[in-house]
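Enquirer: Have a look at this one before I ask anything.
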Amino acid sequence: MDLASSVLVVIDMQHGFVREKSAHVVPIVTDLVRRWQEAGGATVFSRFINHPGSPYERLIRWTQLTDSPQIDIVDELAPYAARATAVVDKAAYTLFTPEGEAIIQNGGWRDLLICGLATESCVCKTAVDAFERDLTPWVLTDACGSHAGAEAHNAGLLVTKRFIGASQLITTADLPIRTVAPAA
């Protein structure tokens, strides 16, 4: 995988999505982003914002993530988001809003390494949308999670694997950068 044609996509690592069942991915994603950026890799963050009258509100009756602090990137990742190529605000599951799609296209990236929250929704949808745009999505399974817990995370991985192929689900250890702290 060529670093120049790859981008690390960090999906919705926001206060409103980090809960007891998803908090374990924060240090994993933070370490991954730190190492990726240190290696010179491009990074794009997405940030979900729910709006009044949205389908989430109308159809699912879900009214969360409308303002700060819920919509804010978690503190551990905020400095890395500030150095990212872009932070894409979105009102959809996918990164591939018109703005997100333009950023990916303008960056010339073919490989999207995807991590973040939640595996069964925004991570899966972004991976499938990348696949359908003839890009190569890589879902970093150990750097994804769900605030709904392991069952939802595993279901998301199962569905994602069926959509984009089992070989596209990898771990941070499979990356050509060091993502694990050296032994003391």
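The values are calculated or read from the model by the stated rules, or taken from the named source; none is laboratory data. Here the structure is a predicted model, which means the values were calculated and not measured. Every residue, glycine as well, gets a Cβ built from its backbone with ideal geometry; the counts of neighbours run over all protein chains shown. These accessible areas exclude ligands, DNA and RNA; they are computed on the full protein's heavy atoms, side chains included. Shrake-Rupley method; radii C 1.70, N 1.55, O 1.52, S 1.80 Å.
Enquirer: Looking at region 64-82 only, could you name the residues that are surrounded by fewer than 12 Cβ atoms within 10 Å (Cβ to Cβ) and aliphatic (A, V, I, L, M)?
Expert: Ala82
Enquirer: Determine if region 27-49 includes at least one residue that is open to solvent by 10 Å² or more (accessible area, probe 1.4 Å), part of a loop (DSSP other than H, G, I, E, B), under 23 Å from Ile170 (Cα atoms) and not small (Gly, Ala, Ser).
Expert: no
Enquirer: Hey, another quick one. Restricting the search to region 105-159, which residues are open to solvent by 10 Å² or more (accessible area, probe 1.4 Å), among the hydroxyl-bearing types (Ser, Thr, Tyr) and within 16 Å of Val18 (Cβ to Cβ)?
Expert: Ser121 - this is the single residue of region 105-159 that is open to solvent by 10 Å² or more (accessible area, probe 1.4 Å), among the hydroxyl-bearing types (Ser, Thr, Tyr) and within 16 Å of Val18 (Cβ to Cβ).
Enquirer: Looking only at region 83-100, count every residue that is surrounded by 16 or more Cβ atoms within 10 Å (Cβ to Cβ), charged (D, E, K, R) and more than 29 Å from Asn154 (Cβ to Cβ) and tell me the total.
Expert: 0
Enquirer: Also, I was wondering about something else. Against the conditions (1) touching a helix residue (DSSP H, G or I) at 6+ places or on another chain (Cβ under 8 Å); (2) open to solvent by 30 Å² or more (accessible area, probe 1.4 Å), where does Met13 fall short? Just the number, please.
Expert: Checking Met13 against (1) touching a helix residue (DSSP H, G or I) at 6+ places or on another chain (Cβ under 8 Å); (2) open to solvent by 30 Å² or more (accessible area, probe 1.4 Å), the one that fails is (2).
Enquirer: Further, regarding this structure: Asp129: at pLDDT 95 or above, part of a loop (DSSP other than H, G, I, E, B) and out of contact with any helix residue (DSSP H, G or I) (no Cβ under 8 Å at 6 or more places or on another chain), yes or no?
Expert: Working: at pLDDT 95 or above: yes; part of a loop (DSSP other than H, G, I, E, B): no; out of contact with any helix residue (DSSP H, G or I) (no Cβ under 8 Å at 6 or more places or on another chain): yes.
Criteria not met by Asp129.
Enquirer: While we're on this one: Within region 103-126, count every residue that is farther than 26 Å from His15 by Cβ and not in a helix (DSSP H, G or I). Outline the logic, then answer.
Expert: Of all residues in region 103-126, those farther than 26 Å from His15 by Cβ come to 105-111.
Within this subset, residues satisfying the condition of being not in a helix (DSSP H, G or I) are 108-111.
Total meeting the criteria: 4.
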